[in-house]
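Here is the structure we will look at, set down as structure tokens.
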Amino acid sequence: MLSIRNLHARVGDKPILKGINLEINAGEVHAIMGPNGSGKSTLSSVLAGRDDYEVTDGEVIYMGQNLLDLEPEERAWAGVFLSFQYPVEIPGVKNIYLLKAALNAVREHRGLPELKAGEFLKLVREKLKVMQMDEAFLHRNVNEGFSGGEKKRNEILQMQLLEPTLALLDETDSGLDVDALRVVGEGINRMRAPDRSVLLVTHYQRLLDIVKPDFVHVLAHGEIKLSGDHTLAEKLEREGYEGIEAA
Amino acid sequence: MSQQEIDQLVDQDYKYGFVTDIESDTLPPGLNEDVIREISTRKGEPEWLLEWRLEAYAKWLQMTPPEWAHLEYPPIDFQSISYFSAPKKQGDGPKSLDEVDPALIETYNKLGIPLEEQKMLAGVAVDAVFDSVSVVTTFKEKLHEAGVVFCPLSEAVHSHPELVKKFLGSVVPQNDNYYAALNSAVFSDGSFVYIPKGVRCPMELSTYFRINQQNTGQFERTLIVAEEGSYVSYLEGCTAPQRDENQLHAAVVELVAETDAEIKYSTVQNWFAGDDEGKGGIYNFVTKRGECRGDRAKISWTQLETGSAITWKYPSCVLKGADSVGEFYSVAVAGKKQQADTGTKMIHIGPRTRSTIISKGISTARGQNAYRGLVKVLPGAVDARNFTQCDSLLIGDQCGAHTFPYVEAEEPSAQLEHEATTSKVSDDQLFYLRTRGMSEEDALNMVVNGFCKEVFQKLPMEFAVEAEALLGITLEGAVG
Ligand SMILES: Nc1ncnc2c1ncn2[C@@H]1O[C@H](COP(=O)(O)OP(=O)(O)O)[C@@H](O)[C@H]1O
Ligand SMILES: [Mg+2]
């Protein structure tokens with residue numbers, strides 16, 4: 001599904017990603033762990049198409065297409081979804097309005113008809129229930145005045161609606177209390193499917209206890225230093241990153 | 001987003017830039033007493049009105065154009081402008097749409113405002129002003145039943161001379177300002193609305209203004225009177241064809257609200273803003289003022305300004321009656337080399353008068369947007385209150401926003417609040433929305449519409465939809 005080969009990216013003169021190689025097959029969940037500043041958000045942003053980053057080398061093949069050639073919205077249409085580490089506030093725009101516009105934009109490009117208001121509402125209510133979110137959320141402005149946890153829930157709500165093929169989840173667990181973590185984790189688990197892959201960026205073992213990854217990779221200084229199965233995450237939890245960073 | 005991309009996005013050819021082919025009966029350029037007499041004669045006006053025009057002209061000659069606004073433009077040669085133009089084949093005026101020149105109907109269709117459809121959909125009475133003479137008036141009967149008068153001012157001069165005589169110039173005197181004086185001397189036509197005591201106007205009233213003659217100044221004059229306990233909502237919309245030369249527009253709108261009366265005046269304006277250098281756009285100098293004469297009267301101005309090379313416009317409220325209320329909700333967009341200098345004046349005279357000002361300025365490309373507001377509280381306006389909020393949104397980094405709030409409070413018990421913010425459409429916002437499948441254009445529209453929401457909410461429903469669409473067109477570009 002996703003094949004990242006020798007990916008280099010920089011901001012201005014500063015190299016951040018220094019040759020990432022990663023192979024994600026359909027149905028797999030890959031966790032990316034690593035210390036602050038190692039390039040995790042950069043990797044997910046580059047994959048989603050943020051143009052602050054300049055790709056200097058390498059390629060990314062997503063379902064047979066050269067992903068880096070696509071605009072961010074084209075990636076969304078093709079089934080890529082990024083859950084932001086810091087979801088952005090859009091003052092004056094109601095959450096429900098964004099959800100509907102996003103869903104219909106994606107549906108349009110998948111050859112599906114626009115959802116009628118009634119159908120849409122029914123669908124959103126279903127997803128709200130899954131995420132244990134109050135309907136009042138729909139009528140608040142996008143992320144404005146949301147707590148950290150509410151923002152993250154809202155991201156996963158969007159993912160539930162948009163049903164991406166490749167979900168990039170950037171620290172979706174940070175800022176969540178234990179209950180919220182379970183809701184979000186189970187929300188992600190529900191999305192696991194043979195034709196859907198997840199790249200899960202996290203610092204902590206605790207999310208991985210709920211969403212059990214097929215592979216764990218450690219990113220440090222812009223490179224993947226170590227890969228393994230879910231036991232690697234437990235090891236990191238015990239021993240920290242020091243040994244790996246030095247490697 | 002790079003500046004270039006933003007420019008592209010904001011740039012676009014004016015959708016409504018076309019010229020209708022109708023032969024016109026146009027006076028040659030120039031202004032003097034004879035021209036004014038000629039205008040008055042052609043319109044078959046009574047002697048008192050001619051005298052009134054000549055009086056105004058004499059005052060105008062003594063005045064000089066205002067220079068204090070945050071605008072730059074070459075001096076206007078008032079002798080190069082034609083002051084009267086009427087579509088031919090006017091005859092006695094059409095009785096129905098069938099009798100209207102097909103080219104006119106075509107024009108409305110291109111603008112997306114087919115009268116037939118509007119009649120059915122919105123139940124809106126449309127008094128369409130094409131150049132200087134009103135051509136079509138619909139829904140007259142229904143209004144007539146309610147006792148509402150809604151007709152061209154030129155008609156009201158004959159059908160309701162006592163009302164016109166009583167109220168014309170009573171809110172905006174002839175010599176109020178340079179452009180108001182000019183308008184008083186040469187005003188072409190406009191709407192007259194009279195809502196009798198206790199009547200709630202049964203429908204939204206709407207007028208579409210359109211400039212179609214090269215080199216012809218437009219001098220609309222609108223007068224709305226709401227008697228005690230009455231209510232009316234009036235909608236004004238504008239759009240114009242592309243031009244090589246700047247066109248002067250100097251309108252006057254007067255509103256009178258008596259005791260317990262309420263007037264809602266909404267404007268969506270879409271005049272050609274000129275090319276990238278601002279050439280060919282409309283010069284828009286407008287005097288709009290409402291007077292709350294009675295206790296508990298209320299006047300609201302709501303506007304979306306997207307057009308004009310230059311806009312100079314300050315819809316105002318004079319709050320005379322005790323507990324009367326004035327409101328101003330505005331979205332002004334300045335792009336290309338557009339210059340907008342808009343705002344409002346709230347004059348508190350009566351006790352416990354209240355006013356609210358919500359101003360949203362959007363600047364793109366090389367646009368300059370200035371908010372200029374005056375809140376004046378006279379002695380005796382005990383416990384008067386004002387809340388002012390001015391928000392500016394910048395798209396790109398070559399544009400500007402300026403805020404000039406003036407306060408003159410001569411009443412110690414007055415309470416005035418002012419809030420101002422300036423924000424930019426951020427790359428973060430656009431990227432976030434694009435990852436949700438929105439095109440760059442749609443993303444920008446969504447952010448901008450969110451910024452404007454407080455104001456759009458105040459527009460009548462069908463107008464709000466139009467306003468969002470219009471804003472979309474304004475910001476639309478060649479991307480994609
Ligand atoms: N837009 C940017 N401008 C400058 N430096 C950046 C930018 N984005 C990221 N960086 C730098 O790149 C490095 C990696 O950042 P990031 O990808 O956010 O790390 P992580 O998500 O792993 O904490 C950090 O040193 C950060 O300061
Ligand atoms: Mg990060």
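The values are calculated or read from the model by the stated rules, or taken from the named source; none is laboratory data. All values reported here derive from a predicted model rather than from experimental measurement. With ideal geometry, Cβ positions are generated from the backbone for all residues, glycine too; neighbour counts draw on all protein chains shown. What goes into the accessible areas is simple: the full protein's heavy atoms, side chains included, and nothing from ligands, DNA or RNA. Shrake-Rupley method; radii C 1.70, N 1.55, O 1.52, S 1.80 Å.
In the set (1) over 20 Å from A:Glu223 (Cβ atoms); (2) touching a residue at least 24 places away in the same chain (Cβ under 8 Å); (3) of a type outside the set (Val, Ile, Thr); (4) within 16 Å of ligand 1 (Cβ to nearest atom), the condition left unmet by A:Lys94 is number (4).
What do you reckon, is A:Ala48 surrounded by 14 or more Cβ atoms within 10 Å (Cβ to Cβ), in contact with a Ser or Thr (Cβ under 8 Å, 6 or more places away or on another chain), more than 14 Å from chain B (Cβ to nearest Cβ) and small (Gly, Ala, Ser)? In short, no.
Has region B:413-420 got at least one residue that is over 30 Å from A:Val142 (Cα atoms) and either acidic (Asp, Glu) or open to solvent by 50 Å² or more (accessible area, probe 1.4 Å) (or both)? Within region B:413-420 (the criterion being over 30 Å from A:Val142 (Cα atoms) and either acidic (Asp, Glu) or open to solvent by 50 Å² or more (accessible area, probe 1.4 Å) (or both)), the answer is yes, since at least one residue qualifies.
Answer yes or no: is there a residue in region A:110-124 that is under 30 Å from A:Leu176 (Cα atoms), within 13 Å of chain B (Cβ to nearest Cβ) and open to solvent by 50 Å² or more (accessible area, probe 1.4 Å). Looking for residues that are under 30 Å from A:Leu176 (Cα atoms), within 13 Å of chain B (Cβ to nearest Cβ) and open to solvent by 50 Å² or more (accessible area, probe 1.4 Å), one finds none in region A:110-124, hence no.
A count restricted to region A:11-46 and to residues that are within 16 Å of ligand 2 (Cβ to nearest atom) and either aromatic (Phe, Trp, Tyr) or at positive phi (or both) stands at 3. Are any of the residues in region A:82-93 more than 10 Å from chain B (Cβ to nearest Cβ) and crowded, with 17+ Cβ neighbours inside 10 Å? Yes, some residue in region A:82-93 is more than 10 Å from chain B (Cβ to nearest Cβ) and crowded, with 17+ Cβ neighbours inside 10 Å. Restricting A:Leu208, A:Leu219, A:Leu236 to residues that are among the hydrophobic types (A, V, I, L, M, F, W, C) and within 16 Å of ligand 2 (Cβ to nearest atom) narrows the list to A:Leu219. Flag not set for B:Ala370, criterion: surrounded by 16 or more Cβ atoms within 10 Å (Cβ to Cβ) and within 14 Å of chain A (Cβ to nearest Cβ).
Note on region A:20-45: residues that are away from chain B (no Cβ under 14 Å) and either of a type in the set (Val, Ile, Thr) or more than 8 Å from ligand 1 (Cβ to nearest atom) (or both) total 14. Quick check on region A:171-194. Is at least one of its residues within 14 Å of another protein chain (Cβ to nearest Cβ) and crowded, with 22+ Cβ neighbours inside 10 Å? Checked region A:171-194: no residue is within 14 Å of another protein chain (Cβ to nearest Cβ) and crowded, with 22+ Cβ neighbours inside 10 Å. For first residues located in region B:435-449 and within 7 Å of chain A (Cβ to nearest Cβ), partners that are of a type in the set (Val, Ile, Thr) and in a helix (DSSP H, G or I) and lie 6+ apart or on another chain with Cβ distances below 7 Å form the pairs B:Gly437/A:Val106.
Those helices (runs of 4 or more DSSP H) of region B:402-475 in which 2 or more residues are at pLDDT 90 or above occupy B:427-435, B:440-456.
Scanning region A:1-15 for residues that are within 11 Å of ligand 1 (Cβ to nearest atom) and in contact with a strand residue (DSSP E or B) (Cβ under 6 Å, 6 or more places away or on another chain), which turns out nearest to A:Leu166 (Cα to Cα)? Residue satisfying both the conditions and the ranking: A:Ala9. Any residue at all in region A:70-77 that's more than 15 Å from ligand 1 (Cβ to nearest atom), within 14 Å of chain B (Cβ to nearest Cβ) and among the small types (Gly, Ala, Ser)? Within region A:70-77 (the criterion being more than 15 Å from ligand 1 (Cβ to nearest atom), within 14 Å of chain B (Cβ to nearest Cβ) and among the small types (Gly, Ala, Ser)), the answer is yes, since at least one residue qualifies. The one condition from (1) over 16 Å from the mean Cα position of the chain (by Cα); (2) within 16 Å of ligand 2 (Cβ to nearest atom) that A:Asn6 does not meet is (2). Here is the figure for region A:14-34: residues that are open to solvent by less than 20 Å² (accessible area, probe 1.4 Å) and either aliphatic (A, V, I, L, M) or over 19 Å from A:Ile61 (Cα atoms) (or both) total 9. Would you say A:Gly111 is in a loop (DSSP other than H, G, I, E, B), modelled with pLDDT under 95 and more than 16 Å from ligand 1 (Cβ to nearest atom)? Taking the combined requirement at face value, the residue satisfies it.
The rows are residues; the columns are (1) touching a residue at least 24 places away in the same chain (Cβ under 8 Å); (2) within 22 Å of A:Ala167 (Cα to Cα); (3) open to solvent by less than 60 Å² (accessible area, probe 1.4 Å).
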site: A:Leu200; (1), (2), (3): yes, yes, yes
site: A:His203; (1), (2), (3): yes, yes, yes
site: A:Lys212; (1), (2), (3): yes, yes, no
site: A:Glu223; (1), (2), (3): yes, yes, no
site: A:Ser227; (1), (2), (3): no, yes, no
site: A:Glu237; (1), (2), (3): yes, no, no
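Among the residues of region B:395-418, not a single one is among the polar types (S, T, N, Q) and within 27 Å of A:Ile156 (Cα to Cα).
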